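A short worksheet on the structure shown next.
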Amino acid sequence: MSVQDRREELERNLAGVRGRIERACAAAGREPGSVGLTVVTKFFPASDVRLLAELGVTDVGENRHQEAEAKAAECADLGLRWHYIGGLQSNKAAAVARYADVVESVDRAKLVGRLAAGAVERGAEVEVLLQVSLDPPGADHRAGADPDDLPALADAVEAADGLRLAGLMAVAPLGEDPAEAFARLAAVRADLLQVHPGAARLSAGMSGDLEQAVAAGATHVRVGSAILGSRPPAR
Ligand SMILES: *Cc1c(COP(=O)(O)O)cnc(C)c1O
């Protein structure tokens, strides 16, 4: 595909997703423009990131450290905000904080000191979202902190130099109506806001469930395949 054809494809897909977000806001009685878009560029080349930036995208998400680090370096001239949304190994956390402006997948206290060290070294504040597990208790856990563990985790982030507690992130579990999962998320968020009123961001909703997330109060959706196309099957 030529660069021009790819540009047109991305432009069309972006317009489609922006339209879905606007309609979801209208349906929920929310201001159009109250929901930000993070485009998830994992598996796709830096050339696509560059086209997206030309098309007005400001925020991109990546979920694997090596790929993210390389792409962020290659695209350093674009002024994008890089969101790290993937599983985080504690021995990689400091390195992630050196290029990620937002780390959305903080789910255990062990990561906090390492992220803070990376942020301090970099000399820039890194925004942190706590990833909440929406799995029923006892389920085979996907990533995310148990809601009961959030207060202590939030306090640890608040106390760390170089980090700013910005809010929560979650992924709806497979095999459940996302509206039900996001309703639980909204309740968890309301509890957190009582204690940490500044942690108002809610990153939820992907290509398949952004409408349900916006209805439940998401302030940011993370959309990959509906914009970039399908990825190779997960390895
Ligand atoms: C890949 C990914 C997304 C985007 O998923 P799509 O279904 O392609 O929109 C969103 N959030 C996380 C955490 C992801 O890993």
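For segment 170-235, the helices (runs of 4 or more DSSP H) that sit wholly inside it and include 2 or more residues that are more than 11 Å from the ligand (Cβ to nearest atom) and either under 16 Å from the mean Cα position of the chain (by Cα) or among the aliphatic types (A, V, I, L, M) (or both) are 178-195, 210-215. With respect to the conditions (1) within 13 Å of the ligand (Cβ to nearest atom); (2) in contact (Cβ under 8 Å) with a residue 60 or more places away in the chain; (3) small (Gly, Ala, Ser); (4) crowded, with 21+ Cβ neighbours inside 10 Å, ALA166 lacks only one, and its number is (1).
When restricted to residues that are surrounded by fewer than 18 Cβ atoms within 10 Å (Cβ to Cβ) and closer than 22 Å to HIS83 by Cβ, segment 5-16 contains 3. Taking GLY205, is it within 27 Å of ARG114 (Cα to Cα) and not aromatic (Phe, Trp, Tyr)? So GLY205 does not fit the description; no. Of the conditions (1) farther than 18 Å from THR38 by Cβ; (2) in contact with a strand residue (DSSP E or B) (Cβ under 7 Å, 6 or more places away or on another chain); (3) open to solvent by 10 Å² or more (accessible area, probe 1.4 Å), VAL157 fails just one. Which one is it? Failed condition: (3). For the residues ASP140, ASP149, the requirement of being under 25 Å from PRO197 (Cβ atoms) and among the charged types (D, E, K, R) singles out ASP149. Any residue at all in segment 74-83 that is within 19 Å of VAL171 (Cα to Cα) and of a type in the set (Phe, Trp, Tyr)? Yes, there is a match, as at least one residue in segment 74-83 is within 19 Å of VAL171 (Cα to Cα) and of a type in the set (Phe, Trp, Tyr). Within segment 46-60, the set of residues being closer than 16 Å to VAL102 by Cα and touching a helix residue (DSSP H, G or I) at 6+ places or on another chain (Cβ under 9 Å) comprises VAL57, VAL60.
Every residue in segment 210-228 that is charged (D, E, K, R) and closer than 17 Å to VAL132 by Cα, please.
Matches in segment 210-228: ARG222 only.
A single entry from GLU31, GLU22, GLU9, GLU69 fulfils the requirement of being touching a Phe, Trp or Tyr at 6+ places or on another chain (Cβ under 8 Å) and of a type outside the set (S, T, N, Q): GLU69.
In segment 26-49, of all residues being assigned to a helix (DSSP H, G or I) and surrounded by fewer than 18 Cβ atoms within 10 Å (Cβ to Cβ), the one that is farthest from the ligand (Cβ to nearest atom) corresponds to ALA26. Per the listing ALA145, ALA213, ALA199, the residue uniquely of a type in the set (A, V, I, L, M, F, W, C), at pLDDT 95 or above and in contact with a Phe, Trp or Tyr (Cβ under 9 Å, 6 or more places away or on another chain) is ALA213. Tally up the residues in segment 90-105 that are in contact with a helix residue (DSSP H, G or I) (Cβ under 7 Å, 6 or more places away or on another chain) and under 22 Å from ASP148 (Cβ atoms), please. Matching residues across segment 90-105 total 2.
The values are calculated or read from the model by the stated rules, or taken from the named source; none is laboratory data. Nothing here was measured: the structure is a model prediction, and the numbers come from that model. All Cβ positions, glycine included, derive from the backbone under ideal geometry; neighbour counts span all protein chains shown. We work out accessible area using only protein heavy atoms, side chains counted, and drop any ligands, DNA or RNA first. Shrake-Rupley method; radii C 1.70, N 1.55, O 1.52, S 1.80 Å.
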